[in-house]
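Engineer: Just dropping this structure here.
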Protein chains: 2
Amino acid sequence: MAARLDALDRKILAELQEDAGQSLDEIAGKVGSSKTPVWNRIRKLREAGVIRRQTVLLDAEALGFDACFFVLIRTSEHEAAWQKAFLAALRARPEVQEAHRLAGDIDYILKVRVANARAYDAFYQALISEVKIHNVTALLSMEEIKSTTVLPV
Amino acid sequence: MAARLDALDRKILAELQEDAGQSLDEIAGKVGSSKTPVWNRIRKLREAGVIRRQTVLLDAEALGFDACFFVLIRTSEHEAAWQKAFLAALRARPEVQEAHRLAGDIDYILKVRVANARAYDAFYQALISEVKIHNVTALLSMEEIKSTTVLPV
DNA sequence: GATGAAACTCAGTGCGA
DNA sequence: TCGCACTGAGTTTCATC
């Protein structure tokens, strides 16, 4: 699965992660190459799926999303049908920003961004009414110390 | 703090989050406006800090980051100096993708992306050698069910 | 692969409505 | 505030080294 990338590919990815709005000339200058090879490599990285999407990151608080919860979930259900329903519910809810199935004691972790505690409760009530969940612990974020999508390529 | 945005602003943000590579004309067409107003609004949203950065999202597994941990941290230290050192350590480490200070029992949660369990252990050893930490629980992700940066504007 | 140039598209600006 | 048209800049392609 891991793509083989050389040093130039990695430099290009680092620049794109840093600022995807740069022109090809700017990137080429910084990575010590020129326009066409940089462009060809970006295209290949895109085709190979290494570059997934190009997006903008918004300021959640400026948009009124003032509360962020990490939700630890234990379930007693482990059948395929239950899991399918649970995953579909998570994928359908836009307030769920991350969802991972875990090894060990706790079965799932979610990162949920909502306007306030009341909105979280609405989300929680909706979720448990859709699928049976054994035990839920919500951790309320007081401060986002760090949040990055940049991978150290 | 919350910026006041009208329906058109929100539609534009939704489009940009979906695909920031679209041309202004494409966005204008989809949101039912034309180029100039869309461009002006994007500029203002950028200046207001609603749009933070433009970036590419990479496939972590394609780049060899096969392990993702959520790390729950309890500390006995609550002095300013300790906290400053801890935050600096987190910010300096590129494998830390998210770090939040929490309310309640658990003090911090981290999301850490590394090549494998061995790399996580190296990170963990380095971190506890830098700052004193009372109790650490690592939750290993088996499956990334969902991961998005899109806010439901 | 890299380079350079040509063709085309788009972002950004100014103006008129 | 919007829509239109213009221009310089940037992207994409192609031929050549």
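Any read-out appearing in this document is the output of simple, stated calculations on the displayed coordinates, not a laboratory observation. Here the structure is a predicted model, which means the values were calculated and not measured. Methodologically, a virtual Cβ is constructed for each residue, glycine included, from the backbone with ideal geometry; neighbour enumeration extends over all protein chains shown.
Engineer: Which of (1) aliphatic (A, V, I, L, M); (2) more than 10 Å from every other protein chain (Cβ to nearest Cβ); (3) under 16 Å from the mean Cα position of the chain (by Cα) is the odd one out, the single condition A:ALA67 does not satisfy?
Structural biologist: Against the list (1) aliphatic (A, V, I, L, M); (2) more than 10 Å from every other protein chain (Cβ to nearest Cβ); (3) under 16 Å from the mean Cα position of the chain (by Cα), A:ALA67 comes up short only on (3).
Engineer: Next question. Any residue at all in region B:8-15 that is within 11 Å of DNA strand C (Cβ to nearest atom) and either touching a Gly at 6+ places or on another chain (Cβ under 7 Å) or closer than 27 Å to A:ARG52 by Cβ (or both)? Working first, answer last.
Structural biologist: Narrowing region B:8-15 to residues within 11 Å of DNA strand C (Cβ to nearest atom): none.
Checked region B:8-15: no residue is within 11 Å of DNA strand C (Cβ to nearest atom) and either touching a Gly at 6+ places or on another chain (Cβ under 7 Å) or closer than 27 Å to A:ARG52 by Cβ (or both).
Engineer: Could you tell me whether region A:23-44 includes any residue that is more than 14 Å from DNA strand C (Cβ to nearest atom) and either of a type outside the set (Val, Ile, Thr) or in contact with a Gly (Cβ under 7 Å, 6 or more places away or on another chain) (or both)?
Structural biologist: Of region A:23-44, the ones more than 14 Å from DNA strand C (Cβ to nearest atom) are none.
Checking region A:23-44: not a single residue is more than 14 Å from DNA strand C (Cβ to nearest atom) and either of a type outside the set (Val, Ile, Thr) or in contact with a Gly (Cβ under 7 Å, 6 or more places away or on another chain) (or both).
Engineer: What pairs come up if the first residue lies in region B:65-87 and is over 21 Å from A:LYS111 (Cα atoms), the second is surrounded by 15 or more Cβ atoms within 10 Å (Cβ to Cβ), and their beta carbons are under 6 Å apart, counting only those six or more places apart or on different chains?
Structural biologist: B:THR75/B:ASP107; B:THR75/B:ILE133; B:ALA85/B:VAL131; B:PHE86/B:VAL131
Engineer: Determine whether A:ALA138 is farther than 25 Å from B:TYR108 by Cα and among the small types (Gly, Ala, Ser).
Structural biologist: On the way: farther than 25 Å from B:TYR108 by Cα: no; among the small types (Gly, Ala, Ser): yes.
No: the conditions fail for A:ALA138.
Engineer: Go through the residues of region B:134-141 one by one and say whether even a single one is assigned to a loop (DSSP other than H, G, I, E, B) and either closer than 22 Å to A:LEU13 by Cβ or touching a residue at least 12 places away in the same chain (Cβ under 8 Å) (or both).
Structural biologist: Here is the first cut: in region B:134-141, the ones assigned to a loop (DSSP other than H, G, I, E, B) are B:134.
Of the ones still in play, those that are also either closer than 22 Å to A:LEU13 by Cβ or touching a residue at least 12 places away in the same chain (Cβ under 8 Å) (or both) are B:134.
So far as region B:134-141 goes, yes, one or more of its residues are assigned to a loop (DSSP other than H, G, I, E, B) and either closer than 22 Å to A:LEU13 by Cβ or touching a residue at least 12 places away in the same chain (Cβ under 8 Å) (or both).
Engineer: Within region B:23-30, is even one residue near DNA strand D (Cβ under 9 Å from one of its atoms) and in a helix (DSSP H, G or I)? Explain how you work it out, then say what you get.
Structural biologist: Applying the first criterion (near DNA strand D (Cβ under 9 Å from one of its atoms)) to region B:23-30 yields B:28.
Imposing the further condition that a residue be in a helix (DSSP H, G or I) reduces the set to B:28.
Scanning region B:23-30, I find at least one residue that is near DNA strand D (Cβ under 9 Å from one of its atoms) and in a helix (DSSP H, G or I), so the answer is yes.
Engineer: Being within 10 Å of chain A (Cβ to nearest Cβ), outside any strand (DSSP E or B) and touching a Phe, Trp or Tyr at 6+ places or on another chain (Cβ under 6 Å), is that true of even one residue in region B:73-95?
Structural biologist: Looking through region B:73-95, at least one residue is within 10 Å of chain A (Cβ to nearest Cβ), outside any strand (DSSP E or B) and touching a Phe, Trp or Tyr at 6+ places or on another chain (Cβ under 6 Å).
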